[in-house]
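The values are calculated or read from the model by the stated rules, or taken from the named source; none is laboratory data. Quick caveat, the model's predicted, so the values are computed rather than measured. Cβ placement follows ideal geometry from the backbone for every residue including glycine, while neighbour counts extend to all protein chains displayed.
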Amino acid sequence: MIFATGNKHKLREMRELLPGIDLEGLPAGVELPPEEGEGFAEIALDKARAAFAATGEATIADDSGIGAVGLGGRPGVHSARYGGEGASDEENLEKLLREVAEAGEERGAYYTCALALIEADGTEHVFEARSEGQLIERPRGEGGFGYDPAFVPDATGPEDTRTYSEISQEEKNEISHRALAARRLARHLSASGAAPAER
């Protein structure tokens, strides 16, 4: 099964989240469409359709991002390029934290992930999930990627102030937006006989 991404971090996470599936990255030369949809599900489906058309293989595609409550949900679908075209993860995060600080005291945030699946017969599905949390003022931690160093998930409990970059990958794989969406996808695949049943 193809996982339609050029992001090696996402590919590694998805392989861990779907251990019963033989996931291959996007083949060289396959171009994904620009991320111009109105929502995560629409963009994920666009990516999956492009990869499916190019390969003829069952395909999974992800679109995900972070939304700040104080910014009305921004950056949302623009998370990957929030600091401008070609911006690094650090530049995107710096812009987000600056704008959140300027907007006031509200530091609530949420990650959203949409996983689009196109099966070998062309049937399409989308599995979406969300992880709630808070943004801290200064990034902390060495793990994760993107906005992870500033995101403290609610799911670890009110006394736990670790960011996504400070918890272990195993912990993140239990609670993250991508993990929750992948679990829904895995349930579908096991029910349809396309993957081993979850343990």
Taking the stretch 20-44 and keeping residues at pLDDT 95 or above and either touching a Gly at 6+ places or on another chain (Cβ under 8 Å) or assigned to a strand (DSSP E or B) (or both) leaves Phe40, Ile43
Hey, among Glu142, Glu105, which residue is out of contact with any Ser or Thr (no Cβ under 9 Å at 6 or more places or on another chain), more than 19 Å from Val77 (Cα to Cα) and not hydrophobic (A, V, I, L, M, F, W, C)?
Glu105
Count - residues of the stretch 8-19 that are touching a Gly at 6+ places or on another chain (Cβ under 9 Å) and not hydrophobic (A, V, I, L, M, F, W, C)
2
Somewhere in the stretch 122-140, is a residue outside any strand (DSSP E or B), farther than 24 Å from Tyr82 by Cα and touching a residue at least 40 places away in the same chain (Cβ under 8 Å)?
yes
Being among the acidic types (Asp, Glu) and within 15 Å of Gly108 (Cβ to Cβ) is the filter; apply it to the stretch 123-174 and report the residue that is nearest to the chain's Cα centre (by Cα).
Glu132
Note on the stretch 144-157: residues surrounded by fewer than 16 Cβ atoms within 10 Å (Cβ to Cβ) and either of a type in the set (Ser, Thr, Tyr) or more than 21 Å from Gly67 (Cβ to Cβ) (or both) are Gly157
Is it the case that some residue within the stretch 10-20 is in contact with an Asp or Glu (Cβ under 7 Å, 6 or more places away or on another chain) and surrounded by fewer than 15 Cβ atoms within 10 Å (Cβ to Cβ)?
no
Test: Gly83 is over 24 Å from Leu17 (Cβ atoms), buried (at least 16 other Cβ atoms within 10 Å of the Cβ) and modelled with pLDDT under 95
yes
Selection over the stretch 102-152 where residues are under 24 Å from Ala51 (Cα atoms) and among the basic types (Lys, Arg) yields a count of 0
